[in-house]
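The values are calculated or read from the model by the stated rules, or taken from the named source; none is laboratory data. Owing to the predicted nature of the structure, the values given are computational and were not obtained by experimental measurement. So basically every Cβ, Gly included, is an ideal-geometry build from the backbone, and we count neighbours across all protein chains shown. Keep in mind that these areas ignore ligands, DNA and RNA; they rest on the heavy atoms of the full protein, side chains included. Shrake-Rupley method; radii C 1.70, N 1.55, O 1.52, S 1.80 Å.
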Amino acid sequence: MRLPFSHGLEIENHLVDIKTSKLIVGEYLLKSWDVMFEKAFQFLSAIPKSPNTPDYIKKKIKNVRIVEEKKRDLNLKFITIDYVVNKKIFPTNAIGPDPNISQITWLLEMVLPPCEMMEEIKFWIETLYESVSEALSEYGIKLLPLGLHPSEEEFRSGLSCGIHCHINGLTLNERISAYNLIRNFVPHLIALTACSPFIEGAPTGDVIIKELKNEKIRIIPKNSTRSIRLKYNTGQLGPNSVNYLPWMPMNSKRKDFASYVKKEPPEDRFVDVNPFTDYDTIELRFFDTNPYIEMHLAMVLILQAICLKAQKLKGKIPEVSSLNLFNLRLKAIDFGMHGSFSSDTKIDGDFGKFYNYSPITQKENKKIFEAVLSLLFYLESEITSLEGYEEYIKPFFSFFVGTNYIEGPYNIADLLMYRWKVQSRNGGKRNFFLILDEVQNYFQSLEKMSFNDFKSLTKNIYDVKTKTTTVSVKRQFKKVDINQRQKTIISKDTEKIKIKVKVPTKKKREPAIKIAKKNERSIPIQQVVTPVTIETRLSKKIYNIQVKKSGIRTRKPEKRQLLDVFQRKVTLETKKNKSIENKIEMEKKKQNLISNYIQAKTLKKIDSGKKGKINKNPQATQDLIHSSLFKAKVIDLKESLLRNRLTDVMNKKRKSLSYYKRRQKVDFYLKNRKLKKTGKVKLNIIPQDFRTHFFALLQMEIERSEISEFLNRNYYVSLLYTKNKENFIYDYGPFQFNNQIQEKIIIFPILINIEEVPRLTRIRLEFRRTDITVLHEEVIEIPKAKKLNDLGILINDFEIDETLGSSNFLVDINIAEKYNYKSSLQVLVFNQTGMVKLFETNIKTKNETNLQIKDHIFISPNIHLGRVILGAVLQGREKDSATWSFLEFLPRKVPLVEWSLLGWDEDKLKRKQKYQFLPEIKFNGILRDPEIVFFLQEITEAAKSSKKVLTKDRLKRTITYAGQTKILSKFNLKINSTGKFKIDVEISGKDGLVPNNLISEHLEFVVN
């Protein structure tokens, strides 16, 4: 039977050493790759003549050839199969390297031609793997089809593997409809197929194997991420933000989709699901690579069923909120099937019943596995309509009903972690190939299961909690409220058992003993043993409990008081209430502490006597102590008395210490500073009329010639003021100049908190090393901050989410009175070169007291020059009506660009010898069309030496995600003289020159 839609797969694989399981790199990779490539070509070329190839596939293969294509500035070879589908020829690069990676190593990408039957998909998966396996095994290399290499010490996006699905044969609106429905179930599909749970040779958390009373086991991975690849690959998937994949209306266009995901074509395909590919297909990129054909076929079948369902709905696809999908996606990545599920209450109708509620219990879905089960029931008619293909869904069925020895639910990542745990218990060396083979036996042992069989078996899933061992039973009781549980404890069979409960009301705190007496609960019980039944709300299992021993049990009731139930038959015995005992002990400790304190004070007075005389009457001393204790009880001295005394002493010490440090700092400053004042400094205060809430921006403009001798030193801007007869110094710094910008005027922007600083404040610009050089000093006047009523309109909050690249911002505006207000909102940036406008829009208010403006800006790298401050200003019609708000960019902890030279060894460098190096660059942010220049420069004390260009590369495509790594063209290095040298990088692009403070440090070396 033909599939409703043609289906293609792209499967990425790691190349690893069979003995060490490490990635293959370097010359060994290139040599083995060439041999593998040639043998794979010979193997695939013989397929049309092979007797094992089905006739319908032979007719579709028109040609097998080797092509060379330029991708990502690299010339790559591929084995291309010209394949006929619906009388059209589709050239498919069946074997080749993945072009979207770094060249630390290569990933082997296998691409299936468009297939129309499940058997056809199975044939091509087996054939492509077979074509390369024999040649690789000769070199001791094996394919590792996992989302992430288990031995990786850290995540590198270029070294993660995924399966990309392409669904073809739909019209534009059918594609949009299918996309909208797939979008609603992305977290469900991730929970089913996540398969990258290992890093540094182990899961991220612990794996517990629990033995159940039905002689099965339950796999409980604690804090173990199921898909590390999806969690950290933020550049090629997602979008990883609350604005997740958009719901698209009919007749939408690609530019609409690209503008929403904020990626320009062709980078707009780097998302979880894309309905606008160059091949008119729907592309899904969020599946982890896994080594099991059974999983691939089950994945294809469920996608076909979803698209078939969307076709039946004819575009009437409900919209699940992007925020809800984003949160569910994170939970599925971390917790798999066991993540908590949050329903979307805005969805109603038949879809809402299946999406939010269980079709078995009609109750709201609380776990992701319950929601996935609802998905399978939702697609029942579509799955069963694909005659002959129903058996391919059995791997997903088995995740719920389990096997003879494993209790569901679980997913493939849980199975891998289970086998890893078994190997760890046995104490042997962990062999991941063996783990994969053991899980393969699991899939091969699955029995045929129809949908009706699956429906009958899934009814037991909601009763699995009653089959757990004692600890899980205890966890059930933790969710039962004391009042509800107490009602169920007392059944009709329990005669002469009375419960008197007085729930305490919130009043003023009283001594612990009085509270205990008030809230005492008495339960008179006969000496005859009486059976009692408990029924939990989670499972309707009845547990028999024996109640023994007569007497009165007193305890303080709590909101969620619980019984410790560890067995099906438990004896409850009367015990003393520990909480009351603890209260009494605490009260005794307080009284002892108070008495010791008073005793010490009294003894000190008695022993000291008058004028050094000793008190010779010990009985009087003892009487005085007792009387003091008695008085202490009457006036109710508390522990807080001692605590307050100690706090006062410590505060005084802190104040004296901090004052000493400040005084020492001021004295050092006055003693060591050197005055070199210049009059060529200009101060600008923004805003000039101080129409701001807390902060004002101070700009110091100075000619470059005045500070030429200090360009390699840190500079500070200090505020000196006197407050409460004490001198204070508030330092801003240290900061450095960016020497790449050859501007005549250099600007130092700083923010001043106008609420903390007094009205008259002295400001100084200084440079420090072993001494302090003061370049400028001036007294400025700082008025008080104004309130909302004085300003009329005020920017209450100003936030951005990124300081580099595309960034969303929020401006929250408060208005004093309800009136119409017209203004323009501008977002400005202040740095070493001056002011740059990033955004501007007009706003109007209509009887509003609060207004929020959300939009996005692009912050280019060349803005990060020196100290960077972002400002938002509301400019009304009048000049004095501007209202400001500021925020400052914190220094980046990780450079935007990190680079290194492969093969670099400083100790081996010698004069007049030729060396060859390969530059590797890692981008930690977005850059548009960067041009990279490596240069050599000699370091001298005299004037600047000339730069010698070593290599120059221009990347024609934009760097689209953080973590992207590039290998540039190699260069030769030969130095004919001795001395000290450095190799550095200059990067420019559409957004100008990248400041050197955003690039990792240069390489310095000495040649002898």
* Which ³J(HN,Hα) values, rounded to whole Hz and listed in residue order, are derived for the stretch 125-136 from phi using the Karplus coefficients 6.51, -1.76 and 1.60 in 6.51 cos²θ - 1.76 cosθ + 1.60 with θ = phi - 60°, glycine and proline given as x? -> 4, 5, 5, 5, 5, 5, 5, 10, 5, 5, 5, 5
* Structure fact -> Taking 276-284, 697-705, 175-183, 247-255 and ranking on average Cβ neighbours within 10 Å, highest first, one gets 175-183, 276-284, 697-705, 247-255
* Ile750: net charge of surrounding residues, Cβ under 10 Å, Lys/Arg +1, Asp/Glu -1, itself excluded? -> 0
* Using mean Cβ contacts within 10 Å as the protection proxy, how do 184-196, 430-442, 295-307 order, highest first? -> 184-196, 295-307, 430-442
* To do: With the full set of protein chains in place, find how many percent of the accessible area of the stretch 141-190 is carbon and sulfur; take the probe as 1.4 Å.
  => 46 percent
* Given a 1.4 Å probe and the protein chains all in place, what does the accessible area of Thr361 round to, in Å² to the nearest 10? -> 50 Å²
* Structure fact -> Amide H proximity to Thr80 below 5 Å, modelled H, separation 5+ or other chain, gives Arg65, Ile66, Val67, Ala94
* Could you order peptides 836-845, 78-87 by the average number of other Cβ atoms within 10 Å of their residues, highest first? => 78-87, 836-845
* **³J(HN,Hα) computed for each position of the stretch 834-840 - Karplus, 6.51 cos²θ - 1.76 cosθ + 1.60, integer Hz, glycine/proline x** => x, 10, 10, 8, 9, 7, 7
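If R₀ is 56 angstrom, what is the calculated FRET efficiency for the pair Leu30 and Gln852, using the beta carbon separation as r and rounding to 0.05?
Result of the calculation: an efficiency of 0.50.
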* Structure fact -> In order over the stretch 40-46: 3J(HN,Hα) from phi, Karplus 6.51/-1.76/1.60, θ = phi - 60°, whole Hz, x for each Gly or Pro, gives 5, 5, 4, 5, 6, 5, 8
* Over the stretch 793-889, give the accessible area per residue in Å² for a 1.4 Å probe, as an integer. => 45 Å²
* Asked: In vacuo Debye scattering of the stretch 793-889, one point per C-alpha: log10 I(q)/I(0) at q = 0.16 Å⁻¹?
  -> -0.66
* Could you work out the local net charge near Lys990, counting Lys and Arg as +1, Asp and Glu as -1, over the other residues with Cβ closer than 11 Å to its Cβ? => -2
* Where Lys and Arg each count +1 and Asp and Glu each count -1, what net charge lies around Leu237 among other residues with Cβ under 9 Å from its Cβ? -> +1
* Points 7 angstrom from Cα along the Cβ direction at Glu364 and Leu74: gap in nanometres? -> 5.0 nm
* Structure fact -> So the carbon and sulfur contribution to the accessible area of the stretch 793-889, 1.4 Å probe, in percent, is 41 percent
* Where the stretch 296-364 is the region considered: accessible area per residue in Å², 1.4 Å probe -> 43 Å²
* Long-range HN-HN contacts of Val207 with modeled amide H, under 5 Å -> Lys222
* Asked: Using modelled backbone amide H atoms (1.01 Å from N, in-plane), which distant-in-sequence or interchain residues come within less than 5 Å of Phe341's amide H?
  -> Lys367, Ile368
* **Length-normalised contact order for the stretch 793-889 - Cα pairs under 8 Å, 6+ apart - percent** => 33 percent
